[in-house]
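The values are calculated or read from the model by the stated rules, or taken from the named source; none is laboratory data. This is a predicted model, so every value here is computed, not measured. Positions of Cβ are generated from backbone atoms using ideal geometry, with glycine treated the same way; all protein chains shown enter the neighbour counts. Ligands, DNA and RNA are excluded from the accessible area calculation, which covers all protein heavy atoms including side chains. Shrake-Rupley method; radii C 1.70, N 1.55, O 1.52, S 1.80 Å.
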Amino acid sequence: MIRAELRAKGPYSLRVPGRHASDACRIVVNGTFRSTIRTEHGLERAEAVQHADGTIVVRTATEEGIEQVRWILGLDDDHSEFVRQFARDPLLGETLKRIRGLRPMRTQTVAQPLLRAVAGQLIQAKRAREIERAVVRAAAPALDGLHAAPTCAELGRFAPAELARFGLGARRAGALVRLCRALELERLKRLPTHKAAARLERERGLGPWSVGVVCLEGLGRFERGLARDLGLIKLASALARRWVEAEESDVLLAPYGEWAGLASVYLLAGYAQGLIPMGAALAA
């Protein structure tokens, strides 16, 4: 295997995003990343670990594999400006002080976060991950027990009724299959975020949260994120001291502009760890 020592641009922790990053394609335990990836040479095993000095040591079979891991981990997407700009933010200040190295971990294909988004609508996160794992295992090839990220072609070959057997609702399964058959999702990476998001939003069954999942995890964009996530609705409700409607939680992300997607990730992480001050005012 090829060994490369990489440095992330800006603050970065492999351990922090890895806490909830394991799926059918990768395992992340105690800051060690292991995955199956695709290259032009076929399937490869990829491994990465971050040392105490911040160096990320990556091992794959090819140089292409090294670059794939670099992108999946987001090593080149420096968010130092986000940390600097919002260091004294009333909601995010303490979170940025404690976990400033958090970056969303990405998937190798855009099709996988689309599947994740469709599976995650209106059900518990644990059940959504179970459905995602089952579909990935049925759709994509495996190496050493881990599957490659599914492609549009692999997901598009299913009929909606077949996907329903894995637990996807008929409408959501239909939306997934239609998009995978009608659009080569990897081409969205060539578009500005607003155009990619607009294309996805034209599809019935895909709302702001689903589009945010694809933008963050599939396209590697920080502008659009987990809008109207149940966690953000709960946070907005706690701050407002009443239960808010999903669209009312949009006020949480409005102040962060081009960083709204990354802010959604930090708000959820901070809320889960009790780092969001409940006395902060919720913008009107």
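Values for this structure:
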{"item": "Residue within the range 1-9 that is within 23 Å of residue 265 (Cα to Cα) and within 15 Å of the chain's Cα centre (by Cα) present", "result": "no"}
{"item": "Residue tally, condition in contact (Cβ under 8 Å) with a residue 40 or more places away in the chain and either part of a loop (DSSP other than H, G, I, E, B) or buried (at least 22 other Cβ atoms within 10 Å of the Cβ) (or both), over the range 124-139", "result": "2"}
{"item": "Members of the range 107-127 that are modelled with pLDDT of 90 or more and among the small types (Gly, Ala, Ser)", "result": "111, 117, 119"}
{"item": "Pick from the range 101-110, criterion closer than 30 Å to residue 279 by Cα and crowded, with 20+ Cβ neighbours inside 10 Å, ranking: nearest to the chain's Cα centre (by Cα)", "result": "104"}
{"item": "Residue 16 being modelled with pLDDT under 95 and not in a loop (DSSP other than H, G, I, E, B)", "result": "yes"}
{"item": "Extreme residue, nearest to the chain's Cα centre (by Cα), among residues of the range 34-80 that are among the hydroxyl-bearing types (Ser, Thr, Tyr) and surrounded by fewer than 20 Cβ atoms within 10 Å (Cβ to Cβ)", "result": "80"}
{"item": "Residue that is modelled with the lowest pLDDT, among those in the range 195-215 that are of a type outside the set (D, E, K, R) and open to solvent by 10 Å² or more (accessible area, probe 1.4 Å)", "result": "205"}
{"item": "Qualifying residue in the range 171-180 (condition: of a type in the set (Val, Ile, Thr) and surrounded by fewer than 19 Cβ atoms within 10 Å (Cβ to Cβ))", "result": "no"}
{"item": "Every residue from the range 224-250 that is in a loop (DSSP other than H, G, I, E, B), charged (D, E, K, R) and surrounded by fewer than 21 Cβ atoms within 10 Å (Cβ to Cβ)", "result": "241, 242, 245"}
{"item": "Filtered residues of the range 251-266 (kept if assigned to a helix (DSSP H, G or I), in contact with a helix residue (DSSP H, G or I) (Cβ under 8 Å, 6 or more places away or on another chain) and closer than 19 Å to residue 213 by Cβ)", "result": "252, 256, 259, 260, 261, 262, 263, 264, 265, 266"}
{"item": "Residue match in the range 81-99 (condition: open to solvent by 30 Å² or more (accessible area, probe 1.4 Å), among the hydrophobic types (A, V, I, L, M, F, W, C) and under 27 Å from residue 136 (Cα atoms))", "result": "no"}
{"item": "Every pair of residues 6+ apart whose Cβ atoms lie under 8 Å, when the first sits in the range 71-97 and is on the phi > 0 side of the Ramachandran plot while the second is of a type in the set (Lys, Arg) and surrounded by 15 or more Cβ atoms within 10 Å (Cβ to Cβ)", "result": "74/103; 74/106"}
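Quick grid of which residues meet (1) in a strand (DSSP E or B); (2) in contact with a helix residue (DSSP H, G or I) (Cβ under 8 Å, 6 or more places away or on another chain); (3) within 28 Å of residue 135 (Cβ to Cβ):
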| site | (1), (2), (3) |
| --- | --- |
| 3 | yes, no, no |
| 57 | yes, no, no |
| 64 | no, no, yes |
| 75 | no, no, no |
| 78 | no, no, no |
